[in-house]
1. Hey, residue B:206 hits all of (1) within 18 Å of the chain's Cα centre (by Cα); (2) closer than 16 Å to residue A:225 by Cβ; (3) not small (Gly, Ala, Ser) but one; which does it fall short on?
2. Residue by residue through the stretch B:125-138, note down the ones that are within 11 Å of chain A (Cβ to nearest Cβ) and at pLDDT below 95.
3. Quick one: count up the residues across the stretch A:198-213 that are out of contact with any helix residue (DSSP H, G or I) (no Cβ under 7 Å at 6 or more places or on another chain) and at pLDDT below 95.
4. Does the stretch A:55-90 hold any residues that are within 14 Å of chain B (Cβ to nearest Cβ) and basic (Lys, Arg), and which are they?
5. Scan the stretch A:278-296 for residues that are at pLDDT 95 or above and on the phi > 0 side of the Ramachandran plot and jot them down.
6. Against the definition (under 30 Å from residue B:138 (Cβ atoms), at pLDDT below 95 and either surrounded by fewer than 23 Cβ atoms within 10 Å (Cβ to Cβ) or more than 7 Å from chain A (Cβ to nearest Cβ) (or both)), how does residue B:264 come out, yes or no?
7. Just need a number here: residues in the stretch A:175-196 that are in contact with a strand residue (DSSP E or B) (Cβ under 9 Å, 6 or more places away or on another chain) and either within 12 Å of residue B:225 (Cβ to Cβ) or at the interface with chain B (Cβ under 9 Å from one of its Cβ atoms) (or both).
8. Can you name every residue in the stretch B:214-230 that is touching a Phe, Trp or Tyr at 6+ places or on another chain (Cβ under 9 Å) and among the β-branched types (Val, Ile, Thr)?
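The values are calculated or read from the model by the stated rules, or taken from the named source; none is laboratory data. Note that the coordinates shown come from a computational prediction; the quantities given were computed from them, not determined experimentally. Every residue, glycine among them, receives a Cβ derived from its backbone with ideal geometry; neighbour counts consider all protein chains shown.
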There are 2 protein chains.
Amino acid sequence: MKIIIDAMGSDKGPDELIRGAISARDAFSLQLILVGDEAVIQESIRKQGLSDKDTEICHAPDVISMEDAPMSIRERPDSSMRTCFRLLKEGAGDAFVGAGNTGAMHVGSTLYLRRIKGVRRSALAALLPGTKPVLLIDSGANIQVTEEFLLQFALMGSCYMKKIHSIDSPRVGLLNNGAEDHKGTPLYVNAHRLLTTLPGIQFIGNVEGKDIPYNVCDVLVCDGFTGNVALKTLEGTAGFVMRQVKAAIGASFSSNLGGLLMKKQLYALRKRFDASEYGGAPFLGIAHPVIKAHGSSDANAFFHAVRQAVSYVKTDIVGDIEQAIAAAEDDLARAAEMAKEAGKADRG
Amino acid sequence: MKIIIDAMGSDKGPDELIRGAISARDAFSLQLILVGDEAVIQESIRKQGLSDKDTEICHAPDVISMEDAPMSIRERPDSSMRTCFRLLKEGAGDAFVGAGNTGAMHVGSTLYLRRIKGVRRSALAALLPGTKPVLLIDSGANIQVTEEFLLQFALMGSCYMKKIHSIDSPRVGLLNNGAEDHKGTPLYVNAHRLLTTLPGIQFIGNVEGKDIPYNVCDVLVCDGFTGNVALKTLEGTAGFVMRQVKAAIGASFSSNLGGLLMKKQLYALRKRFDASEYGGAPFLGIAHPVIKAHGSSDANAFFHAVRQAVSYVKTDIVGDIEQAIAAAEDDLARAAEMAKEAGKADRG
């Protein structure tokens, strides 16, 4: 299996990504194409003392930064990200993993790769930590959505959790500002009603933010604006509390055996809430595996993102999604009609 | 000072509310009107061994539950909540504190009390825990908003943090899915642009969920849907992590002095993240003090909500808000125009 890596454009620079990708290569017997400035990549491999076996370098001199507008990828043919899309489309590799600008990766995957038949929008699907992982879809790709998009997110997320996390009948929740059926914007009220009869999913109703860590559902559906706020609030709060705990219990316990044991347990807990352990988020709905790693990925986080790409390639999620969308055709058409009518009247 | 208390309609029943209100009465030399089923209130006071000095009971046989639709308050003249609004309007007391149905309290405060001159919508303003408290406005009252509402939330929140938390020039952030100026729905992009020139506030730009605990701003503006999701995600995550920490460090440390010390520090930390310590959330924009306590308030939480009502009554926030809205008249009119035009085209 050959994985295409955008070595540029992350917050922490290419060294971490390259080290993470190369450990994944060695762990899973992969081949790699590292895309970016050739001299920078070669120097990074050399100075970190890494081996370049089974690794090609594809030179791309330009880098799309985090501050660039998503659509700028159209005018940046020589950027590392755009080159990754080209290589994936040409079949030079099996999956693309990158830690760059999310918006540009979303636009690029839509413009330069095929969407799965019937899929209206691809969505970013991130795993949230908690008693068990919950797939949040959309985590930030589609800032504005329609009822139809939300229904498709529910279908795609269910396919993913079935295949990759071996959950027979994933429970789907709708992220909302209250548990009652009538809660939310008109868009969410409509989506709730449509989800209750959507074939192929197990809809459990509205889910509030406070319940996210308690695994009340396996797939959590929402628009990308709300999803992004929820994801980052959860990550920020967990990190903040863990840091406070560390400060509160302080150094006094590190010197004896009990202290060391406790430190070990707290470390395990911190790892559980560490976004990097969850790897990347796939753009579900695209006919090729495109995995978005966290912008601030270190080598470990990027290793897990590549690991996730490997699982994705091995399963036929694309076929599953196509089937699920086709089976729900009538319901999706009804949702699309609703969105068209409502589009004239309300904004949320 | 006389505080009107809705003794009914909370998740934990009247005993906790009544005990909390009576401790606040004794701590701050207040008079109380306890509103609800007279027999239930009398029995609660008796069986908890509380004193009924400076405390009237106003009988209201009906209770609006958490499941009732917000508008149902219109058909429930004998409900405790509706009675509280009537008493406040008639001047029988100085403030109303309740832990019941948020939507009904929002509708009721708008229907039965006067809004401050120029205010378009009242908003629920909750304090979020972190290195220092941040006022989240709107925390869940207005599920759909316009640019004009968001600008008014920024003005009202600034007045509140100035007066109640003695911050000279509160920093205002806009909750968004990224830090860059162009982030968010069209509504948020417009609001961002308008906030940069709004007189009377110090706008610092977009704020991401991950930054909420780190006090990057004093007032955090958003629509009530997103705000409610962020608030509950933060509360849920902090509670979950603290519970995991407790389980991870276990009982092994409770038996020695070091263990007790650490337990004390962790308890202090848990208190800091406990919603109940932050008291209630005022409906800003209403000409009378209406404080919403958490639905699951215990006596301690309700005590703090009443304490907050006392601070509110003592200051002239109503006058401050009226002035701030008047001073920003032109900017608000421009925002209102924008909302009217955009209303035809987009939905979020």
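1. (1)
2. Those that are within 11 Å of chain A (Cβ to nearest Cβ) and at pLDDT below 95: B:128, B:129, B:130, B:131.
3. Residues meeting the conditions: 0.
4. Kept after step one, since they are within 14 Å of chain B (Cβ to nearest Cβ), are these residues of the stretch A:55-90: A:64-72.
Hits for the stretch A:55-90: nothing passes.
5. A:285
6. When the stated conditions are applied, residue B:264 does not pass them.
7. Residues of the stretch A:175-196 in contact with a strand residue (DSSP E or B) (Cβ under 9 Å, 6 or more places away or on another chain): A:175-181, A:183-184, A:188, A:191-192, A:195-196.
Then keep just the ones that are either within 12 Å of residue B:225 (Cβ to Cβ) or at the interface with chain B (Cβ under 9 Å from one of its Cβ atoms) (or both); that gives A:175-178, A:180, A:183-184, A:188.
The number of residues fulfilling the criteria is 8.
8. B:219, B:221, B:226, listed by residue number.
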